[in-house]
């Protein structure tokens, strides 16, 4: 790594801050916007979303990808690295953090519009019972391997898009 000191991050104690958000706009040409901590639209993500839409990806895909990108941008904002200066070190640390971190316990997004539900304390995951229909156990406290793999795929595609467009890094982190 040329002239860049490798940061020493305490990933075991790292807590992903709730910076920024993914907003549903209600607009057909821009159904979701990633918003940064100061309230501005994250333009590189909007360009990527437009490309996904042009490839006939459904709104649900944009939302799913947006949630992964939000998690990544929150990580970058917390470690103070601009998206277009992220290296393999940030990619590695993010992947390692996702492998050891507990998922945040938050009110489900479907219930956030309901003020009473938003103010309620979420049920701890350990107290949840198996699904009565499927018999499946509830999600565990850690990010699932499939979630981590999806996140990596989304981030690789995001950076590949910007590499192809000439608007990002020279290498995919």
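So, of the residues in segment 28-42 that are out of contact with any strand residue (DSSP E or B) (no Cβ under 8 Å at 6 or more places or on another chain) and within 20 Å of residue 58 (Cα to Cα), which turns out to be surrounded by the most Cβ atoms within 10 Å (Cβ to Cβ)?
30
Among all residue pairs at least 6 apart or on different chains, which show Cβ distances below 6 Å where the first residue, located in segment 136-156, is in contact (Cβ under 8 Å) with a residue 24 or more places away in the chain and the second is in a loop (DSSP other than H, G, I, E, B) and surrounded by 12 or more Cβ atoms within 10 Å (Cβ to Cβ)?
These pairs meet every condition: 143/103.
Can you tell me how many residues in segment 13-29 are modelled with pLDDT of 95 or more, touching a helix residue (DSSP H, G or I) at 6+ places or on another chain (Cβ under 8 Å) and more than 16 Å from residue 154 (Cα to Cα)?
Adding up the residues that qualify gives 3.
For the structure I just gave you, tell me whether residue 106 is loosely packed, with under 12 Cβ neighbours inside 10 Å and either at pLDDT below 90 or under 14 Å from the mean Cα position of the chain (by Cα) (or both).
Answer is yes for this residue.
Test residue 49 against the criterion of being surrounded by 15 or more Cβ atoms within 10 Å (Cβ to Cβ), in contact with a strand residue (DSSP E or B) (Cβ under 8 Å, 6 or more places away or on another chain), modelled with pLDDT of 95 or more and under 18 Å from residue 147 (Cβ atoms), and give yes or no.
no
Looking at the structure I just gave you, is residue 62 surrounded by 14 or more Cβ atoms within 10 Å (Cβ to Cβ) and either out of contact with any strand residue (DSSP E or B) (no Cβ under 9 Å at 6 or more places or on another chain) or assigned to a helix (DSSP H, G or I) (or both)?
Answer is yes for this residue.
Could you list, ordered by first residue, the pairs with Cβ atoms under 6 Å in which the first is in segment 10-25 and in contact (Cβ under 8 Å) with a residue 40 or more places away in the chain and the second is surrounded by 13 or more Cβ atoms within 10 Å (Cβ to Cβ) and in a strand (DSSP E or B), at least 6 apart or interchain?
Listed by first residue and then by second, the contacts come to 20/35; 21/35; 22/32; 22/34.
The values are calculated or read from the model by the stated rules, or taken from the named source; none is laboratory data. On a predicted model such as this, the values are computed, not experimentally measured, just so you know. FYI the Cβ positions are ideal-geometry reconstructions off the backbone, even for glycines, and counts take in every protein chain you see.
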